[in-house]
Amino acid sequence: MHTLWFCLVALMLAGYVILDGFDLGVGILHLYLARTEQERRLVFRSIGSVWDGNEVWLIAAGGVLFCAFPLLYASSFSGFYLPLMLALWLLILRGLSIELRNHVPNDLWHSLWDVVFSGASLLLAIAFGAALGNVIRGVPIDATGYFFLAFFTNFQPGRDPGILDWYTVPIAIAAACALAMHGALWVSYKTEGSVQARAKAAVKLAWWAVLVLSILITLLSFRVQPHIAQNFAAYPWGYIFPAIAFAGLLGVWLFHGRGQELKAFLSSVGFIAGLLCTAAFGIFPYVLPSAGDPSLGLTIDNSAASPYGQATALKWFIPGIVLVALYSFVIYRYFAGKLRTDGKGY
């Protein structure tokens, strides 16, 4: 049951990154993709029907974490207090920028919220990437199972690390590049004309950045977290996850070059899913490794809820996830197809 919930939590977080990830990518590239007011409305319309629904997956993942691994929930939400508050404010500002932008018919007002939208999206992608780096590297957990991290200490991933160091910063940059590519592929799939042409150009640049950074962070991860090499040595079947990530990245390049926009976007989905599953497989059975003494790390056993609690939560999880998946399918199906600059909305 513990392993099952570990997989479910990992899949929920992957679902959030995949779905809300292209929203963030669209925001990161917004000022580059759209040059006129009509084009900016078009870019907003590409995510307008789904962006708030996509963020439900983040809330659901937090709820699942609370039910399945309450000690991890309590420890991480206190230890990551500073970045969580930053992420919360960025989510608020990003939502405000989308909802308030067109309430006042003024160019300065529009420009203000356009900058807020792009800036908040970029910083959120960086924050989520740094958080992933911290989970892989480990945090200074004490004997009670708690910790606290400053934004930075000496930029070294040792026994007294900060949120930012020479390992987490490249992962944060890689996350921003990967989500920018993901968002550019979505805009390329949903639009035509000059906006689509800029999105396709952005995909090519972002792809090379993602390729180089993926190789870099893979090498750094094996150096910083020895448990990754141990897991791959003990369970060679786990290489299927990095293989999926590599195939997805290769598929982005091939399908994008052929103008097969939907296949290129789905390849990006595979790349992100493969990358996150690789990270989850690498640290298993830890849910939050310790940066000092490995014995103090939180695992699926010492941080899990009781078997009764997990079994009860599973009974509610199944119908809940079916409803969320069905809702997502209907929304994406209903709003499928290309958008036009003369269309209504936003």
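The values are calculated or read from the model by the stated rules, or taken from the named source; none is laboratory data. This structure is a prediction, so every number in the text was calculated from the model and none was measured. With ideal geometry, Cβ positions are generated from the backbone for all residues, glycine too; neighbour counts draw on all protein chains shown.
Observations, loosely collected:
So that you can scan it fast, the table gives a plain yes or no per residue for (1) surrounded by fewer than 18 Cβ atoms within 10 Å (Cβ to Cβ); (2) at pLDDT below 90; (3) in contact with a Lys or Arg (Cβ under 8 Å, 6 or more places away or on another chain):
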{"position": "Asp293", "(1), (2), (3)": "yes, yes, no"}
{"position": "Ala305", "(1), (2), (3)": "no, yes, no"}
{"position": "Ala325", "(1), (2), (3)": "yes, yes, no"}
{"position": "Lys338", "(1), (2), (3)": "yes, yes, yes"}
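- Here Glu192 passes the criteria (1) in contact with a Phe, Trp or Tyr (Cβ under 6 Å, 6 or more places away or on another chain); (2) in contact (Cβ under 8 Å) with a residue 40 or more places away in the chain except the one numbered (1).
- Helices (runs of 4 or more DSSP H) lying entirely in the stretch 34-136 (those with 2 or more residues that are under 17 Å from the mean Cα position of the chain (by Cα), without any contact (Cβ under 8 Å) to a residue 40 or more places away in the chain and over 30 Å from Lys315 (Cα atoms)): 81-100
- Residue match in the stretch 170-179 (condition: closer than 20 Å to Arg137 by Cβ, in contact (Cβ under 8 Å) with a residue 60 or more places away in the chain, outside any helix (DSSP H, G or I) and touching a helix residue (DSSP H, G or I) at 6+ places or on another chain (Cβ under 8 Å)): no
- For the condition assigned to a helix (DSSP H, G or I), under 21 Å from Leu11 (Cα atoms), within 18 Å of the chain's Cα centre (by Cα) and of a type in the set (A, V, I, L, M), Ile240 does not qualify.
- Complete set of residues in the stretch 261-281 that are under 17 Å from Lys204 (Cα atoms) and either touching a Lys or Arg at 6+ places or on another chain (Cβ under 7 Å) or without any contact (Cβ under 8 Å) to a residue 60 or more places away in the chain (or both): Lys263, Leu266, Ser267
- Which listed residue is in contact with a Pro (Cβ under 9 Å, 6 or more places away or on another chain) and either within 30 Å of Ile215 (Cα to Cα) or part of a loop (DSSP other than H, G, I, E, B) (or both), from Leu262, Leu275, Leu266: Leu275
- For the stretch 1-59, taking the residues that are among the polar types (S, T, N, Q) and within 25 Å of Arg101 (Cβ to Cβ), the one that is surrounded by the most Cβ atoms within 10 Å (Cβ to Cβ) is identified as Ser46.
- Some residue of the stretch 203-217 being touching a Lys or Arg at 6+ places or on another chain (Cβ under 6 Å), assigned to a helix (DSSP H, G or I) and modelled with pLDDT of 95 or more: no
- Residues within the stretch 215-235 that are more than 18 Å from Val135 (Cβ to Cβ) and not aliphatic (A, V, I, L, M), tallied: 1
- Yes/no for Arg198 being among the basic types (Lys, Arg), in a helix (DSSP H, G or I), surrounded by 15 or more Cβ atoms within 10 Å (Cβ to Cβ) and more than 17 Å from the chain's Cα centre (by Cα): yes
- Enumeration of residues in the stretch 148-161 that are surrounded by 20 or more Cβ atoms within 10 Å (Cβ to Cβ) and under 11 Å from Pro83 (Cβ atoms): Leu149
- Of the residues making up the stretch 244-260, not one is among the aliphatic types (A, V, I, L, M), buried (at least 16 other Cβ atoms within 10 Å of the Cβ), more than 19 Å from Ala279 (Cβ to Cβ) and without any contact (Cβ under 8 Å) to a residue 60 or more places away in the chain.
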